[in-house]
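Visitor: Take a look at the following structure, please.
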Protein chains: 2
Amino acid sequence: MKVTINEIAKEAGVAKSTVSRYLNGGRISPRTSEKIRRVVEAHNYEPNSFARSLKSKKTGFIGVVAPALDSFVTSKILIKIDEELRATGFTTLIINTSHSIDRELESLQNLQRQKVDGMILFATEITPAHLELFSELTIPLLVIGQEAKRTHCIVFDDYQAGYEMGKYIASAGHADISYIGVHEADEAVGQRRKQGVKDGCKDHGAETFSFFESGFDFNSAIAAAGKSLAETASTALICATDTIALGAMRVAREKGYRIPEDLAISGFGGYTVSEMIHPSLATIAFNYQETGSLAARTIEKMIQSEPVDFLQRPGFSLRPGESIKGKK
Amino acid sequence: MKVTINEIAKEAGVAKSTVSRYLNGGRISPRTSEKIRRVVEAHNYEPNSFARSLKSKKTGFIGVVAPALDSFVTSKILIKIDEELRATGFTTLIINTSHSIDRELESLQNLQRQKVDGMILFATEITPAHLELFSELTIPLLVIGQEAKRTHCIVFDDYQAGYEMGKYIASAGHADISYIGVHEADEAVGQRRKQGVKDGCKDHGAETFSFFESGFDFNSAIAAAGKSLAETASTALICATDTIALGAMRVAREKGYRIPEDLAISGFGGYTVSEMIHPSLATIAFNYQETGSLAARTIEKMIQSEPVDFLQRPGFSLRPGESIKGKK
DNA sequence: CTCCTTTATGGAACCGGTTCCATTTTTAGA
DNA sequence: TCTAAAAATGGAACCGGTTCCATAAAGGAG
């Protein structure tokens, strides 16, 4: 419990520097090595990580800053990151900012002060303040979810994912389509995903494409989808996330639409629950496992100063569901 | 960035011990205090937390061991714990064991070695190995979710919650009720919750009470609920979790039952998604916020060696839903 | 069996704080 | 104004490791 390197050294009859060398894989004669091994094992000795970090300047910590812990996407990626980093001897320090941009910036600075070896940021929006902070950072930083100039990023191919979904819906015979999206401050989802959906629809026979803005939450989705149903004659609602799609389903049902007969609905995200409900939701499932392990490997490379591409894109796949029926 | 207490001391013209005292609230004359404050602020100085921990034996870390990060219940409680601990200057070290009992035990030991100030365990099952480990621990430990002898625990009142639900369903006029539960290795959910449901049903007019065992996952829920529908004439299915209830809904619908007209279904957990779907799910919502902050306050007290009750129970409330209709 | 080169080992300084103790400065009581 | 007690400060040891450097032991060539 409280045994130190000094006691190990004394008991093994060697200098503490020798024990330190033994622990860190330095050159040791087989004889001494064996002596030390015995004592270490007898006491179940583990070096004090604080003393170790103090001198070596390496903490073995990787900070992960996320806007929420109860988000499907975040938790899936996080789990994988944590798993892989643990396997290579790092400890993930998870910081939850509860969607506060200020706490996000503050957390990055704190992590830098705490001297973590690297940090990963789950970004929803990149503000000028972010960019300024990024440029001052002396510790490797990896951003997930949004693109930023001169910064290492892992971002889903939102344009392509949107395009596939637009194509899928339009090809199913829908000519009048509404997209329930989010604010364009979120470049990835608010801009690129939307543009992809729009292009995919237009390129595959859709005549009308209407846009309604929602937040990421259920209630604002209900409002936005309600507005869409009142103002358009769309036969399909493409929603920017699965949660928004659930809101759309709710309001559609309340207004008497049958899904998918009267109205097709789709989402993005591939949440587990989307296949558990009825009708199951057609959606785009991003490859979260791949994302997580890519992130872990990337930050490790960055720490070792190995070269890494600034932009990396994990894959995705379209997951069909009962919420859409071919019309042809 | 790399400024140390020595440089601060030199620049302020005092001894480093004085700076240390200033930082930790010791007695300092207003004059010196002001001098030091200036220099500290000019450099944006932050003491090295490793050096600090090394000598003071306090790390400011609290380890939290959880079987999963993508669980609704865990994440809700975790967020609150993290928030409260952060406010009082602690850092939560979140460890995910991916449901492995071995990794759970191992993690507790690692945390002890890492010299965290306290630890919190989200338990699903207390094995003899757990009890043995608990007794060897020299660091405050708080268990959430299960009861253990001579250990500080925060546990939902599963019996009472079960009783309320049983009463609610039976009182609605259901005489033949099935309970889709989980294995009794999980004392809280597998034993107490089940017994509560049973007693609640029996005490309020139910004639038949059948039990079917499921796992916590969607697919085994489908199997168990399917079996129940095939083998009984139950008009209500009480499920041990909301996820299980979703499985029951799926299989019921496939077999042509209308919910709630032909079959009432309820869950436990109060997941967010349960009120987003149709029909919305009647469920028991435990007070997760309360649980989280209770846990944070409790572990802090334990660290300060203040007395705390061994067993504490956060509240819950029954949340009605469209999945149940009064029959009378 | 020397002498020189490697390889092992020990000793000491150092990392950046905290804390105990001795010394100096203030404050206050007489 | 002098003195004792309280408050403030400085100095040094210490926390538990890592690492540099010097020395000792071992290995190899001649």
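The values are calculated or read from the model by the stated rules, or taken from the named source; none is laboratory data. These numbers come from a predicted model, not from an experiment. Backbone-built Cβ (ideal geometry, glycine too); neighbour counts: all protein chains shown.
Visitor: Which residue out of B:81, B:144, B:139 is closer than 24 Å to residue A:61 by Cα, touching a helix residue (DSSP H, G or I) at 6+ places or on another chain (Cβ under 7 Å) and at pLDDT 95 or above?
Guide: Of B:81, B:144, B:139, the one residue that is closer than 24 Å to residue A:61 by Cα, touching a helix residue (DSSP H, G or I) at 6+ places or on another chain (Cβ under 7 Å) and at pLDDT 95 or above is B:81.
Visitor: Please tell me if residue A:143 is within 30 Å of residue B:2 (Cα to Cα) and either assigned to a helix (DSSP H, G or I) or more than 14 Å from every other protein chain (Cβ to nearest Cβ) (or both).
Guide: Yes.
Visitor: Within the range A:19-59, work out how many residues are under 30 Å from residue A:143 (Cα atoms) and without any contact (Cβ under 8 Å) to a residue 12 or more places away in the chain.
Guide: Of the residues in that region, 6 qualify.
Visitor: Test residue A:73 against the criterion of being more than 8 Å from DNA strand D (Cβ to nearest atom) and more than 30 Å from residue A:111 (Cβ to Cβ), and give yes or no.
Guide: no
Visitor: Residues to consider are A:71, A:107, A:98; find the one that is more than 21 Å from residue A:151 (Cβ to Cβ), in contact (Cβ under 8 Å) with a residue 24 or more places away in the chain and within 13 Å of another protein chain (Cβ to nearest Cβ).
Guide: Exactly one residue qualifies, and that residue is A:98.
Visitor: For residue B:62, indicate whether it is within 13 Å of another protein chain (Cβ to nearest Cβ), free of Cβ contacts under 8 Å to residues at least 40 places away in the same chain and buried (at least 19 other Cβ atoms within 10 Å of the Cβ).
Guide: no
Visitor: Can you name the number of the only condition in (1) within 24 Å of residue A:196 (Cα to Cα); (2) modelled with pLDDT under 95 that residue A:237 fails?
Guide: Condition not satisfied by residue A:237: (2).
Visitor: Filter the range A:39-55 for residues that are surrounded by 16 or more Cβ atoms within 10 Å (Cβ to Cβ) and closer than 9 Å to residue A:8 by Cβ; which is nearest to the other protein chains (Cβ to nearest Cβ)?
Guide: A:45
Visitor: Also: So which residues in the range B:164-206 are farther than 18 Å from residue B:260 by Cβ and basic (Lys, Arg), if there are any at all?
Guide: B:192, B:193, B:194, B:198, B:202
Visitor: If residue A:79 satisfies every condition in (1) within 13 Å of chain B (Cβ to nearest Cβ); (2) crowded, with 22+ Cβ neighbours inside 10 Å; (3) under 14 Å from the mean Cα position of the chain (by Cα) but one, which is the exception?
Guide: Failing condition for residue A:79: (2).
Visitor: Hey, another quick one. Could you count how many residues in the range A:247-266 are closer than 21 Å to residue A:166 by Cα and among the acidic types (Asp, Glu)?
Guide: Residues meeting the conditions: 2.
Visitor: On the basis of being near DNA strand C (Cβ under 10 Å from one of its atoms), closer than 26 Å to residue B:114 by Cβ and of a type outside the set (Lys, Arg), does residue B:30 make the cut? Working first, answer last.
Guide: Numbers: near DNA strand C (Cβ under 10 Å from one of its atoms): yes; closer than 26 Å to residue B:114 by Cβ: no; of a type outside the set (Lys, Arg): yes.
The answer is no for residue B:30.
Visitor: With the structure loaded, tell me whether residue A:16 is closer than 30 Å to residue A:303 by Cβ, within 9 Å of DNA strand C (Cβ to nearest atom) and more than 13 Å from every other protein chain (Cβ to nearest Cβ) or whether it fails that test. First the steps, then the outcome.
Guide: On the way: closer than 30 Å to residue A:303 by Cβ: yes; within 9 Å of DNA strand C (Cβ to nearest atom): yes; more than 13 Å from every other protein chain (Cβ to nearest Cβ): yes.
Yes: the conditions hold for residue A:16.
Visitor: Quick one: in the range A:210-241, of everything that is buried (at least 20 other Cβ atoms within 10 Å of the Cβ), in contact with a Phe, Trp or Tyr (Cβ under 9 Å, 6 or more places away or on another chain) and of a type in the set (Val, Ile, Thr), which residue is farthest from residue A:268 (Cα to Cα)?
Guide: Within the range A:210-241, the match that is farthest from residue A:268 (Cα to Cα) is A:238.
Visitor: Which residues, counting only those in the range B:200-221, are over 19 Å from residue B:283 (Cβ atoms) and charged (D, E, K, R)?
Guide: B:202, B:203, B:207, B:213, listed by residue number.
Visitor: Looking at residue A:8 and the list (1) more than 14 Å from DNA strand C (Cβ to nearest atom); (2) part of a helix (DSSP H, G or I), which single condition is not satisfied?
Guide: So the condition that residue A:8 fails would be (1).
Visitor: Among the helices (runs of 4 or more DSSP H) contained in the range B:29-131, which hold 1 or more residues that are in contact with a strand residue (DSSP E or B) (Cβ under 8 Å, 6 or more places away or on another chain)?
Guide: Correct list: B:72-87, B:101-113.
Visitor: Go through the range B:278-293 and count every residue that is away from chain A (no Cβ under 14 Å) and under 15 Å from residue B:62 (Cα atoms).
Guide: 1
Visitor: Filter the range A:13-31 down to the residues that are more than 6 Å from DNA strand D (Cβ to nearest atom) and modelled with pLDDT of 90 or more, then identify the one that is nearest to residue B:54 (Cα to Cα).
Guide: Among them, the one singled out is A:19.
Visitor: Given (1) within 11 Å of DNA strand C (Cβ to nearest atom); (2) within 30 Å of residue A:102 (Cβ to Cβ); (3) not small (Gly, Ala, Ser), where does residue A:64 come up short, assuming only one miss?
Guide: So the condition that residue A:64 fails would be (1).
Visitor: While we're on this one: Applying the selection to the range A:222-248, what residues are within 14 Å of chain B (Cβ to nearest Cβ) and either closer than 21 Å to residue A:201 by Cα or assigned to a strand (DSSP E or B) (or both)?
Guide: Within the range A:222-248, A:225, A:239, A:241, A:242, A:244, A:245, A:248 qualify.
Visitor: Hey, another quick one. I'd like to verify a number: residues in the range A:41-59 that are within 8 Å of DNA strand C (Cβ to nearest atom) and under 19 Å from residue A:113 (Cβ atoms), how many?
Guide: 3
Visitor: Of the residues A:137, A:93, A:133, which single one is aliphatic (A, V, I, L, M) and at the interface with another protein chain (Cβ under 9 Å from one of its Cβ atoms)?
Guide: Just one listed residue meets the conditions, A:93.
Visitor: Assuming residue A:23 fulfils every condition listed in (1) under 22 Å from residue B:116 (Cα atoms); (2) more than 10 Å from every other protein chain (Cβ to nearest Cβ); (3) more than 12 Å from DNA strand C (Cβ to nearest atom); (4) of a type in the set (A, V, I, L, M, F, W, C) apart from one, which condition is it?
Guide: Evaluating residue A:23 over (1) under 22 Å from residue B:116 (Cα atoms); (2) more than 10 Å from every other protein chain (Cβ to nearest Cβ); (3) more than 12 Å from DNA strand C (Cβ to nearest atom); (4) of a type in the set (A, V, I, L, M, F, W, C) leaves (1) as the failure.
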